[in-house]
């Protein structure tokens, strides 16, 4: 998954729950990513809006923890709201985390 992200990412924000994937964000720092590259719970209203209305208007990438403790907040929201990931395609997975990328309009 990291290899796919490194090969295709061009600086767009990545939605990722810091509550469940902070360790992965830290690991990605070795590949040149920093905390400002992620939309996470610490981003307040932007995070809340993405969680309420879907991430498509805010980010081009979404990483979701699907397994540990029944999945993270993003996983739970996607289960509750079937069109939450509308406009995204699953492009990679590994270690219980799935990576979604926005599809062209």
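Kindly establish whether residue 15 is closer than 22 Å to residue 105 by Cα, outside any loop (DSSP other than H, G, I, E, B) and in contact (Cβ under 8 Å) with a residue 40 or more places away in the chain.
Here the answer is yes, as residue 15 does meet what is asked.
Filter region 82-100 down to the residues that are in contact (Cβ under 8 Å) with a residue 60 or more places away in the chain, over 13 Å from residue 16 (Cβ atoms) and surrounded by 15 or more Cβ atoms within 10 Å (Cβ to Cβ) and list them by number.
91, 92, 93
Considering only region 1-21, state which residues are exposed (fewer than 15 other Cβ atoms within 10 Å of the Cβ) and farther than 18 Å from residue 102 by Cβ.
Residues of region 1-21 exposed (fewer than 15 other Cβ atoms within 10 Å of the Cβ): 3-4, 6-8, 10-12, 19.
Once the filter is applied, which keeps residues that are exposed (fewer than 15 other Cβ atoms within 10 Å of the Cβ) and farther than 18 Å from residue 102 by Cβ, region 1-21 yields 3, 19.
Select from region 60-81 the residues that are assigned to a loop (DSSP other than H, G, I, E, B) and touching a helix residue (DSSP H, G or I) at 6+ places or on another chain (Cβ under 7 Å) and write down the one among them that is nearest to residue 21 (Cα to Cα). Give the steps one after another, and end with the answer.
In the first step, residues of region 60-81 are kept if they are assigned to a loop (DSSP other than H, G, I, E, B); the result is 60, 66-67, 71-72, 81.
Those still in the list that are touching a helix residue (DSSP H, G or I) at 6+ places or on another chain (Cβ under 7 Å) too: 66, 72.
Numbers: 66: 11, 72: 9 Å.
Filtering first and then ranking leaves 72.
Quick one: residue 39 ticks every box in (1) surrounded by fewer than 13 Cβ atoms within 10 Å (Cβ to Cβ); (2) at pLDDT 95 or above except a single one, so which number is it?
Residue 39 satisfies every listed condition except (1).
The values are calculated or read from the model by the stated rules, or taken from the named source; none is laboratory data. None of these values were measured; they are calculated from a predicted model. Cβ: placed from backbone, ideal geometry, glycine included. Neighbour counts: every protein chain shown.
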